[in-house]
């Protein structure tokens, strides 16, 4: 005991004698105690896409659920692809929720807090826009979610954040886009090397903020048309992106997982390789639609397992078909069903969040609703052509093919509003499929109901044979955050069939 006390005493004395140099002596020069804001911006963008771990955002929520729910993709794997059967799969429906709050949203919130000084206004504004992009996907999938207090576990020790109403979330996100876009400054520090979206181009970031504003504004069309019109008008007046070169996308080098498109990493041989091993195929609804419309993108985006891209040989897999039921179909061999072609999963493909084509098609809708000026048919034609060219790889549809498609799938100028919405949102459905954005396709369909799809009715499904309207909360929330119960009481039962705020009937 005497020896132990003596050692402790000596240690205390030694500590006291070197207190003035303690920080310098005990700082490991190889382990930084703070991270440069540029690095945090780059990390936030990579984590927004999901390249740090492609499974949760890309594979589970985007492909297993959203793309399969929309029948853009299909799988016979009942254990993983719940969206194809309207069932719950372990770690599937809750993946985005569990990953984003712990990674991308935490870092976005932290970065916003670290960049309050005027000199950091551009990084701060970019981080605010990134957070809106992340949270928009989150609330569109789940409804009421933690927002104001999200990501504060790391900074404030708040591990039980309150769930905000989707209405309040949308109101704040639109305001954030307006304010962050306005705050961007060409005279402040510009993070060129750490910005994988626009390499620090401030003018493009401003237009991107307005373009995102347009998407969110149109989402409110059914639930609050007045609010939707006000924000859509503001977005278009402010100026949206001007070409496909300004797509809101993260540009990847494709060298390793962290620098690769997460959808490519999931589909291709880099990781899951689900396209080659028959994990997922293009859905029958999608392939049939492309064939009916003589879509020139079909041989560019689809192929059989052996690489055959011949249009006549492309076959989409029906949703709701298990491995056992496959034997009743013709063909009964998954090798003979279409899947994303190799060009769709090159590791250096850009990860696309929103395209110029989408912006123009939404603008055409805004014109038809009387929320913007211009000629809807002209704007639609521009959006349609941009969508046809929005395929991965260097080979694009020819000018003749685009003209032929446009003539066969012309805008119904003399048609009803329903006819026009069907034309616009069918183009969006196809666009979101070829850019592997199932999440946005699902959100757009829930708002408009176009294109019309026939629900599957797999025995044992959880929706009584109706298309799911939301994803269920993470089961882990119920054991750690009691605030989830308040959200359920307010929004409705935690089911796939419960409609979120903007999804008004």
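The values are calculated or read from the model by the stated rules, or taken from the named source; none is laboratory data. This structure is a prediction, so every number in the text was calculated from the model and none was measured. Every residue, glycine among them, receives a Cβ derived from its backbone with ideal geometry; neighbour counts consider all protein chains shown.
Residue by residue, here is whether (1) touching a helix residue (DSSP H, G or I) at 6+ places or on another chain (Cβ under 8 Å); (2) at pLDDT below 95; (3) assigned to a loop (DSSP other than H, G, I, E, B) holds:
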| residue | (1), (2), (3) |
| --- | --- |
| 109 | yes, no, no |
| 126 | yes, no, no |
| 131 | yes, no, no |
| 135 | yes, no, no |
| 138 | yes, no, no |
| 161 | yes, no, yes |
| 167 | no, no, no |
| 170 | yes, no, no |
Over the range 395-424, the set of residues surrounded by 15 or more Cβ atoms within 10 Å (Cβ to Cβ), in contact (Cβ under 8 Å) with a residue 60 or more places away in the chain and in a helix (DSSP H, G or I) is 401, 402, 405, 424
Considering the range 464-487 alone, what residues qualify as being touching a residue at least 12 places away in the same chain (Cβ under 8 Å), over 18 Å from residue 439 (Cβ atoms) and out of contact with any helix residue (DSSP H, G or I) (no Cβ under 7 Å at 6 or more places or on another chain)? 464, 465, 466, 475, 480, 481, 482, 483, 486, 487
Would you please list the contacts, defined by Cβ atoms under 8 Å and residues six or more apart or on different chains, that run from a residue in the range 216-241 that is at positive phi to a residue that is part of a helix (DSSP H, G or I)? 239/206; 239/207; 239/210
What residue, of 101, 81, is in contact with a strand residue (DSSP E or B) (Cβ under 8 Å, 6 or more places away or on another chain) and without any contact (Cβ under 8 Å) to a residue 60 or more places away in the chain? 101
When every residue in the range 277-306 that is free of Cβ contacts under 8 Å to residues at least 40 places away in the same chain and in a loop (DSSP other than H, G, I, E, B) is compared, the one nearest to the chain's Cα centre (by Cα) is 277
Scanning the range 247-267 for residues that are part of a loop (DSSP other than H, G, I, E, B) and in contact (Cβ under 8 Å) with a residue 60 or more places away in the chain, the one nearest to residue 212 (Cα to Cα) turns out to be 247
Could you please find all residues in the range 322-342 being more than 13 Å from residue 284 (Cβ to Cβ) and assigned to a loop (DSSP other than H, G, I, E, B)? 322, 327, 328, 332, 333, 341
Among what's in the range 68-79 and is touching a helix residue (DSSP H, G or I) at 6+ places or on another chain (Cβ under 9 Å) and surrounded by fewer than 21 Cβ atoms within 10 Å (Cβ to Cβ), pick the residue that is nearest to residue 468 (Cα to Cα). 78
